[in-house]
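Read through the structure below, which is laid out as structure tokens, and then see the notes.
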Amino acid sequence: MEVASASQWPTLGALRTPSMLPVLASGLVTELAYAFGGPFHFLLPDAFTANLVAMQDALSDALVDGFIYYAKKANKAAVFVERAATGGAGIDVASAAELREALGHGVRGEHLMVTGPAKDPHLLRLAVTHSATIAVDALDELDQVISLALTGRVRPARVLLRVLPDSQPHSRFGMSKDELTTALKRCLEAGDVIRMEGFSFHLSGYALQPRADLAARLIDLCLTARLQGLEASRISIGGGLPISYTDADSWHTFLATQRPAHYHANKAFTTGDFYPYHSPVAGSDALAALLAARPENTDSTLADLIRDAGIELLLEPGRALLDQAGATVFRIQGVKDRDGYQLLTVDGTSLSLSEQWFNSEYLPDPLLIPQNQNPAATGVFPASVGAATCLESDMLTWRKIAFPHPPRVGDLLLYPNTAGYQMDSNESPFHDLPLPPKVVIEHTDRTRPRWRLDRHFT
Ligand SMILES: Cc1ncc(COP(=O)(O)O)c(C=O)c1O
């Protein structure tokens with residue numbers, strides 16, 4: 001394979017943080033690949049804890065009373081639930097299994113937020129029993145909660161009313177203005193069976209201003225509901241804090257230069273379908289910026305409005321808490337020459353890289369970790385990455401990655417920053433391939449990081 005010129009191939013180098021560097025330096029990745037003999041995910045819970053603390057600090061710096069629920073759907077591992085529990089956070093769950101996992105890994109019932117549409121009656125019963133907060137999505141769901149609280153021994157049932165956003169009128173989540181009016185009436189009629197704690201939303205997309213605007217509307221709704229005699233003291237603004245996988249320059253250069261010739265089979269992606277891999281403000285900085293934003297029709301910041309109204313701000317971040325908290329490793333088991341590039345086959349599937357299933361591509365460059373003792377040539381060696389399945393479309397990376405060495409059979413490919421949704425939301429044991437195990441790597445500050453298997457139950 002001929003050496004190509006570097007500038008010919010758009011690259012997207014991933015940001016690396018203090019939790020990842022010692023793992024890469026320790027040689028542990030190679031050892032784990034040998035131990036598991038197949039693809040595996042590794043998790044860096046110290047990064048999760050650092051993200052959580054930074055968000056809690058953003059709330060307290062803005063003098064805002066707030067509480068963070070980690071959106072568990074973003075990763076199935078137990079370790080993040082354990083870290084949320086010990087870090088003073090709750091969990092956002094959307095199924096009975098997630099609720100069980102959260103309780104089983106140390107989260108108290110009252111620190112659970114139950115989200116999702118038309119919830120399973122079993123989930124609602126568990127939620128009421130354990131005093132979880134339920135983000136009620138429809139009127140019939142509210143009726144079910146009221147009757148569960150009436151018949152069960154535990155009351156009141158704690159609810160937020162989920163609002164259908166004006167800016168996303170086609171969302172299948174939330175209640176319209178008329179439905180909210182009826183819901184408030186039913187909450188009042190239910191008396192002490194229900195504790196109407198406030199309102200919630202979750203917006204698609206990552207823009208901050210629409211979140212600030214809708215949060216202000218929820219505060220107004222709380223004030224009106226209070227006049228009717230309801231508690232209405234909390235608002236949940238859902239998730240959607242953006243994160244940066246790469247720096248601004250790399251991202252904008254990538255978008256400007258990438259074209260179908262850079263992908264296997266001339267695959268064309270719509271750039272608008274790519275996740276925004278760089279965001280000018282991300283994670284806890286995005287939360288701080290949101291609190292400092294001025295919602296429409298007011299001169300006050302969102303933080304001021306929250307404080308003045310005596311509201312507790314609830315958040316349900318998933319991806320942003322998992323930023324830099326894990327990676328996924330595959331072994332190359334085949335290398336084919338194609339016209340001007342190579343086609344690699346790894347020992348796993350793109351089901352372990354979920355972005356590939358949304359008409360899109362997981363773009364951060366995978367890192368090539370050579371395993372062969374003989375030094376490999378250096379230069380630019382473009383290659384796309386396919387899966388070990390019979391599906392033509394099962395590609396981990398359609399893009400021809402500009403590797404710095406020729407990839408060889410037995411070398412490892414490390415996909416960075418996969419903990420948020422990428423690694424496990426779509427996994428299935430297709431072809432009877434086992435699901436990649438999850439390895440928790442802790443104490444990255446020691447000379448030798450330590451590892452163990454995650455304690456996920458199911
Ligand atoms: C209700 C709700 N809360 C929180 C989240 C988490 O969003 P993110 O991972 O973007 O922070 C989602 C994601 O779909 C959601 O639907």
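The values are calculated or read from the model by the stated rules, or taken from the named source; none is laboratory data. The structure presented is a predicted model; accordingly, all values stated were derived computationally and were not measured. Counting neighbours? That spans all protein chains shown, and the Cβs are built from the backbone with ideal geometry, glycine included. For accessibility, only protein heavy atoms count, side chains too; no ligands or nucleic acids. Shrake-Rupley method; radii C 1.70, N 1.55, O 1.52, S 1.80 Å.
Here are the numbers for the structure shown:
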quantity	calculated
Computed FRET value (nearest 0.05) for Gln333 with Arg108, which takes r as the C-beta separation and R₀ as 56 Å	0.75
Part-to-part distance (alpha-carbon centres) for segment 9-63 and segment 221-284, which is given in Å	20 Å
Of the chymotrypsin sites (Phe, Trp or Tyr not before Pro) in segment 68-140, those whose Cβ has at most 11 other Cβ within 10 Å and which sit in DSSP loop	none
For segment 102-203: rounded, prolate or oblate by the Cα gyration tensor [a/c cutoff 1.5]	oblate
Distance between modelled label sites at Asp273 and Glu231, nm, 7 Å Cα→Cβ extension	4.5 nm
Coarse-grained scattering of segment 303-358 at q = 0.18, 0.19, 0.22, 0.30 Å⁻¹, given as base-10 log I(q)/I(0) from a Debye sum over alpha-carbon atoms	-0.86, -0.90, -1.00, -1.17
C-alpha long axis of helix 248-257 to longest principal axis of the chain, angle in °	70 degrees
Environment charge at Pro434 (Cβ cut-off 11 Å; Lys +1, Arg +1, Asp -1, Glu -1)	-3
Radius 13 Å from Cβ of Gln324, net charge of other residues (Lys, Arg +1; Asp, Glu -1)	0
Using alpha-carbon coordinates, inclination of helix 45-61 to the longest axis of the chain, degrees	40 degrees
Accessible heavy-atom area order of Ser19, Ser204, highest first, probe of 1.4 Å	Ser204, Ser19
FRET E, pair Asp57, Asp308, Förster distance 25 Å, beta-carbon r, rounded to 0.05	0.70
Amide N of segment 228-269 lying under 17 Å from the label point, which is placed 7 angstrom from the Cα of Cys390 along Cα→Cβ	none
Whole-angstrom gap from segment 297-340 to segment 363-384, using each part's C-alpha centre	29 Å
Antiparallel DSSP beta bridges within the chain, percent to nearest 5	45 percent
Rounded accessible area per residue of segment 301-458, 1.4 Å, Å²	40 Å²
20 Å-binned pair-distance histogram of the chain (Cα, whole percent)	24, 51, 22, 2
Under 28 Å from the Cα of Lys177 - lysines, other chains or at least 8 residues apart	Lys119, Lys185
log₁₀ of I(q)/I(0) at q = 0.22 Å⁻¹ - segment 387-458, Debye sum with one point per alpha carbon	-1.34
Stretchable slack from Lys185 to Leu255, in nm (0.36 nm times residue separation minus alpha-carbon distance)	20.1 nm
Sequence-distant lysines (8 or more away, or on other chains) whose Cα lies within less than 19 Å of Lys438	Lys72, Lys73, Lys76
Whole-percent carbon and sulfur share, accessible surface of segment 245-322, 1.4 Å	46 percent
C-alpha long axis of helix 283-292 to longest principal axis of the chain, angle in °	40 degrees
Relative contact order (%) - criterion: Cα under 8 Å, at least six apart; region: segment 80-223	17 percent
Cβ-defined net charge surrounding Ser425, 12 Å radius [Lys, Arg +1; Asp, Glu -1]	+1
Label-point gap, in nm, between Leu150 and Arg100 - each point 7 angstrom along Cα→Cβ	3.0 nm
